[in-house]
Amino acid sequence: MRWKAVLEGMTPYKPGKSIEEVKELYNLEEVVKLASNENPYGAAPAVQNQLAAATIDPEVYPDGYASKLRTKMAERLGVEEEALLFGSGSDEIIVIIARALLGPGTNTIMATPTFPQYAHAAKIEGADIKEVPLIDGQHDLEGFLQAIDDQTTVIWLCSPNNPTGNLLNSQALEGFLEKVPENILVVIDEAYYEYIVDEKYENTIELVEKYSNVIVLRTFSKAYGLAGFRIGYGVTRPDIATNLNTVRSPFNVTTLGLMLAEMSLEEEAFIEKCRQLNREQMDRFIQYAENNNLHMFDSQANFVLLEVPGSADEAAEKLLQRGYIVRSGDALGTPGYIRVTVGTDRQNTGFFEAFDALLAGVDLVK
Ligand SMILES: Cc1ncc(COP(=O)(O)O)c(C=O)c1O
């Protein structure tokens with residue numbers, strides 16, 4: 001087989017252990033997954049009911065244009081319907097952008113560490129990756145500007161950034177966009193948008209109107225609790241959306257996913273509640289880190305990047321043995337830290353107990 005040479009040394013995405021696997025491995029009755037930044041409160045109850053009651057024709061292809069969801073979304077965001085692009089999660093939109101704009105002889109700029117799928121998708125297309133290290137968890141926008149050259153076609157900004165949780169400063173972002181050449185697409189990935197509470201945050205959708213080269217990515221996977229149904233979307237100028245839609249496969253989202261996403265748009269009170277609960281629980285993490293003199297980044301998302309004593313892999317393994325699945329920073333480019341999804345009150349209490357044991361050096365007694 002004559003594989004693309006870039007595949008050499010690349011590996012498939014490796015998911016962490018599932019709840020069932022961990023239960024079996026360590027003989028645990030309860031296991032809590034705080035590893036993938038899902039919504040610990042699930043989807044809105046009305047959406048879950050809809051899921052149970054849904055009647056769809058499984059033999060019929062989905063509406064590839066996501067017409068109903070598109071109309072609702074356009075209305076809500078105050079944009080033209082043609083300004084939207086739907087994907088099988090924002091993951092797919094990342095792949096679509098890479099396919100449409102990246103290839104040999106081009107390069108793309110992103111922070112490090114950031115969401116790894118930007119580099120993954122870009123590499124497969126044969127583009128060069130330029131990584132600009134974060135400064136104290138923040139994007140170094142000046143460093144991004146310096147990295148731009150004639151071959152740059154896409155810039156990725158992740159805000160709040162995964163894995164640090166830091167939010168881009170809205171004013172700095174505008175100052176940045178003023179300086180980026182118009183023929184470079186600037187992707188602003190806001191997968192955790194619904195969790196942002198910082199009052200200084202200004203809605204990035206307005207930047208799509210102001211600048212001709214911006215796409216904002218959001219998703220139903222996080223606060224809306226629909227990660228299992230894979231619906232993400234991009235908001236951009238219609239001309240950009242048209243080219244990206246040309247690359248998209250015709251039936252990339254499912255009928256049930258579309259239906260549930262539409263329905264969740266009616267459940268704003270649920271989202272508001274989740275935002276509040278997340279913040280209350282985030283405050284507990286802030287307090288915990290402070291009490292234990294551990295560094296934690298300033299997160300506007302539903303996860304934290306928390307310092308651990310010693311090796312991150314070891315800390316994650318010890319927490320796993322106690323039934324808490326978290327992501328080791330060793331795999332995320334942040335050694336010495338673990339990334340933990342902010343769970344429910346009960347889940348977090350259990351997590352802090354497990355972490356206390358970790359700090360005390362107590363091994364799990366079986
Ligand atoms: C920053 C960021 N972008 C995109 C995604 C992909 O989300 P989805 O494909 O579920 O919409 C994630 C998922 O963790 C993420 O953290």
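The values are calculated or read from the model by the stated rules, or taken from the named source; none is laboratory data. Not measured: the values here are computed from a predicted model. Reconstructed Cβ throughout: ideal geometry from the backbone, glycine too, with neighbour counts over all protein chains shown.
Kindly indicate the residue of segment 74-109 that is part of a strand (DSSP E or B) and more than 15 Å from residue 214 (Cα to Cα) and also farthest from the ligand (Cβ to nearest atom) among those meeting that condition. Checked segment 74-109; the qualifying residue farthest from the ligand (Cβ to nearest atom) is 107.
Taken over segment 110-125, residues that are in a strand (DSSP E or B) and either within 13 Å of the chain's Cα centre (by Cα) or surrounded by fewer than 21 Cβ atoms within 10 Å (Cβ to Cβ) (or both) amount to 1.
Within segment 228-279, the set of residues being among the aromatic types (Phe, Trp, Tyr) and either assigned to a helix (DSSP H, G or I) or at pLDDT below 95 (or both) comprises 229, 270. Only residues that are away from the ligand (no atom under 13 Å from the Cβ) and in contact with a Pro (Cβ under 7 Å, 6 or more places away or on another chain) were counted across segment 110-133, and they come to 2. Pairs meeting the criteria (first residue in segment 67-96 and closer than 23 Å to residue 114 by Cβ, second residue of a type in the set (S, T, N, Q) and in a helix (DSSP H, G or I), beta carbons under 7 Å, at least 6 apart or on different chains) are 85/245; 91/117; 94/117. Within segment 296-322, which residues are in contact (Cβ under 8 Å) with a residue 40 or more places away in the chain and either assigned by TED's automatic domain parsing to the domain that holds residue 135 or under 21 Å from residue 278 (Cα atoms) (or both)? Scanning segment 296-322 gives 297, 298, 299, 300, 301, 302, 303, 304, 305. Taking segment 278-304 as the range and being over 19 Å from the mean Cα position of the chain (by Cα), under 19 Å from residue 201 (Cβ atoms) and of a type outside the set (Asp, Glu) as the test, only 286 passes. A count restricted to segment 182-213 and to residues that are surrounded by 22 or more Cβ atoms within 10 Å (Cβ to Cβ), among the aromatic types (Phe, Trp, Tyr) and over 22 Å from residue 116 (Cα atoms) stands at 0. Do we find that residue 187 is outside any helix (DSSP H, G or I), closer than 18 Å to residue 91 by Cα and not basic (Lys, Arg) in this structure? So residue 187 passes the test. Annotation: of all residues in segment 24-46 being aliphatic (A, V, I, L, M) and within 16 Å of the ligand (Cβ to nearest atom), the one that is surrounded by the fewest Cβ atoms within 10 Å (Cβ to Cβ) is 35.
To keep it simple, each residue is scored yes or no on (1) part of a helix (DSSP H, G or I); (2) closer than 22 Å to residue 83 by Cβ.
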site	(1), (2)
149	no, no
157	no, yes
172	yes, no
182	no, yes
197	no, no
202	no, yes
209	yes, yes
218	no, yes
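Does segment 196-206 include one or more residues that are touching a residue at least 60 places away in the same chain (Cβ under 8 Å), within 19 Å of residue 70 (Cβ to Cβ) and touching a helix residue (DSSP H, G or I) at 6+ places or on another chain (Cβ under 9 Å)? Scanning segment 196-206 turns up at least one residue that is touching a residue at least 60 places away in the same chain (Cβ under 8 Å), within 19 Å of residue 70 (Cβ to Cβ) and touching a helix residue (DSSP H, G or I) at 6+ places or on another chain (Cβ under 9 Å).
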